[in-house]
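Data first, discussion second: the structure below is written as structure tokens.
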């Protein structure tokens with residue numbers, strides 16, 4: 001193809017039609033997105049969200065978690081100081097949850113001696129709460145198996 005033929009074929013092309021997508025759909029979509037963002041923001045600011053209103057506790061227990069030299073974690077009753085159990089091995093979820101809360105304690109200069117509160121609620125939720133920092137982990141968010149890892153501490157008796 002010669003340059004003359006290329007120039008002639010490019011001139012023969014029909015220009016594209018203007019965009020015919022209805023603008024009202026874009027405006028409607030933008031309105032829904034704005035409404036959603038404003039609604040979520042208001043719920044978070046006012047504290048009236050379903051995850052922010054705590055149901056009444058049915059069982060609450062203070063627990064102290066102490067690292068041991070052999071790599072285990074000793075679980076003590078926060079009131080009496082009696083050992084409930086010693087966790088050995090991975091204990092991934094328990095260690096991960098505690099690590100998240102302990103990181104906040106260390107950043108504030110708080111040691112590990114203060115107890116955590118393990119709270120079972122009327123609606124079936126279980127929360128690990130750190131009264132010294134105000135941080136909490138809603139354990140039911142991680143599934144029933146992981147919630148059970150902590151729930152067993154509520155009924156344990158000292159060894």
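Filtering 80, 133, 85 for residues that are assigned to a strand (DSSP E or B) and either touching a helix residue (DSSP H, G or I) at 6+ places or on another chain (Cβ under 8 Å) or in contact (Cβ under 8 Å) with a residue 12 or more places away in the chain (or both) leaves a single hit, 85.
For (1) more than 18 Å from residue 68 (Cβ to Cβ); (2) surrounded by fewer than 16 Cβ atoms within 10 Å (Cβ to Cβ), each residue gets a yes or a no:
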| site | (1), (2) |
| --- | --- |
| 88 | no, yes |
| 91 | no, yes |
| 102 | no, no |
| 112 | no, yes |
| 121 | yes, no |
| 124 | yes, yes |
| 150 | yes, no |
| 156 | no, yes |
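The single residue among 137, 86, 75, 64 that is modelled with pLDDT of 85 or more, closer than 30 Å to residue 36 by Cβ and not assigned by TED's automatic domain parsing to the domain that holds residue 36 turns out to be 137.
The values are calculated or read from the model by the stated rules, or taken from the named source; none is laboratory data. Since we're looking at a predicted model, the values are computed, not measured. Every residue, glycine as well, gets a Cβ built from its backbone with ideal geometry; the counts of neighbours run over all protein chains shown.
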